[in-house]
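Some notes on the structure that comes next.
The values are calculated or read from the model by the stated rules, or taken from the named source; none is laboratory data. Being a predicted model, the structure only gives us computed values, none of them experimental. Neighbour counts are summed over all protein chains in view; Cβ atoms, including those assigned to glycine, are modelled from backbone coordinates with ideal geometry.
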Amino acid sequence: MQFEFLLEQVVNGLVLGGYYLLIALGLSLIFSVGGVVNLAHGAFYALGAYLSVEITKYLGFGPAVVISPLAVAMLGICSNATSCAASTPPTRS
């Protein structure tokens, strides 16, 4: 077995483990604060992966690394604003 291949596999395993760590930390943070398991994290991770693949097709890898997290963050902010606006009861003037 070549040393470069082994090193590449170790780095790939560490990166994948980092992804799992971030997902687990996000879920545990939301559960500890709110007391409810919010599975919307998975939807946003999937949305980010899909956007990065589609952006990579058209613009290349470099712009996709920058644009896809920003796009997912903007969609999250918009969905949060929409849900807050929809759940706030109307007030009387």
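Assorted remarks:
- Checked against (1) out of contact with any helix residue (DSSP H, G or I) (no Cβ under 7 Å at 6 or more places or on another chain); (2) more than 22 Å from N80 (Cβ to Cβ), L39 passes all but a single condition, namely (2).
- Selected residue [free of Cβ contacts under 8 Å to residues at least 60 places away in the same chain, of a type in the set (A, V, I, L, M), surrounded by 10 or more Cβ atoms within 10 Å (Cβ to Cβ) and touching a Gly at 6+ places or on another chain (Cβ under 8 Å)] from V37, V72, V65: V72
- Test: residue in region 44-54 that is modelled with pLDDT under 80 and exposed (fewer than 10 other Cβ atoms within 10 Å of the Cβ): no
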